[in-house]
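Everything on this sheet refers to the single structure shown next.
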Amino acid sequence: MKKVKSKFVDKQYKLTKAVAPLSFMLPTRNNKRSPLMYFDETTGVNRSLRYARNQKSPFEDEQDGNAIVEPVIFEDGFLYVPKENQILQSFLHYHPYYGKKFVEVDEAKDAEAEVAILMVEADAMVEAKSLSLDQLENVSRVLFNTDTSRVSTAELKRDILVYARNNPQDFLEVVNDPELKIMGTVQRFFDAGLLSYRKKGAEVWYSTPTNKTKMLNVPFGSEGLNITVQFLQSDDGLEPLKHLETLLDS
């Protein structure tokens, strides 16, 4: 059987913090202040790590007594490790900070993630541009609690497009919510004064010419709009919903 030759490549690593320090020194030997231990799943043993370029292994139990410990420093948030330094690449692979404080730069993977984000942004913008006026008004009521009778269509479009660009995932979730229409309608009830909040949003009351009674209590930590939508979609809320829609259209 032909032996597969290992492929050694240069690697680059980066700190995971959004704002990386100009210089960051990585712990390179196990001590009480910076424990560098790797749990070996095969043997069930915690093994001490130490970076010494003149050794053949990053594990202390496989190193001789002539280990020369060297510093490992990230400059401007990055660390370049050539293929010739396999010990450092191996040490970084087992290091407990790997995946937490630093990661290996994977340009292909990063590009895929960036493409996925851009695709969501593009989908959101296309969806925002295609909304009808009724949909624009419904989305605005749900997202911004907007009284659409007080703003122009251009303002609605601008606000929706800006929101879709800055919050594409949230926007798509709202637009694709099957309850969007009813949520928009219920918000219109509040905008038209047919429903109102009392006691700092803890209660929802009818405010029609013939009904000034309490509709429901809003549980602590819940959104009044969502609770009202749930009630008006229940068996007890169907008649009030029809009546409010009649008043809204009159």
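Mind checking whether some residue in the stretch 148-168 is farther than 30 Å from Gln63 by Cα, in contact with an Asp or Glu (Cβ under 6 Å, 6 or more places away or on another chain) and either assigned by TED's automatic domain parsing to the domain that holds Ser250 or not in a helix (DSSP H, G or I) (or both)?
No, the conditions are met nowhere in the stretch 148-168.
Can you tell me which residue is farthest from Pro240 (Cα to Cα) among those in the stretch 164-190 that are of a type outside the set (A, V, I, L, M, F, W, C), modelled with pLDDT under 90 and buried (at least 17 other Cβ atoms within 10 Å of the Cβ)?
So, considering only residues that are of a type outside the set (A, V, I, L, M, F, W, C), modelled with pLDDT under 90 and buried (at least 17 other Cβ atoms within 10 Å of the Cβ), the one farthest from Pro240 (Cα to Cα) is Gly184.
Could you grab the pairs with beta carbons closer than 6 Å, sequence gap of 6+ or different chains, first residue in the stretch 49-71 and without any contact (Cβ under 8 Å) to a residue 60 or more places away in the chain, second one surrounded by fewer than 10 Cβ atoms within 10 Å (Cβ to Cβ)?
Ala52/Ile68; Asn54/Ile68
I'd like to verify a number: residues in the stretch 38-66 that are out of contact with any helix residue (DSSP H, G or I) (no Cβ under 8 Å at 6 or more places or on another chain) and assigned to a loop (DSSP other than H, G, I, E, B), how many?
Going through the stretch 38-66 one residue at a time, the tally reaches 9.
Restricting to the stretch 129-166, give me the number of residues that are touching a residue at least 40 places away in the same chain (Cβ under 8 Å), under 21 Å from the mean Cα position of the chain (by Cα) and more than 19 Å from Asn226 (Cα to Cα).
2
The values are calculated or read from the model by the stated rules, or taken from the named source; none is laboratory data. Because the structure is predicted, anything quoted here is derived from the model rather than measured. Because the Cβ atoms are built from the backbone with ideal geometry, glycine has one as well, and the counts that use them run over all protein chains shown.
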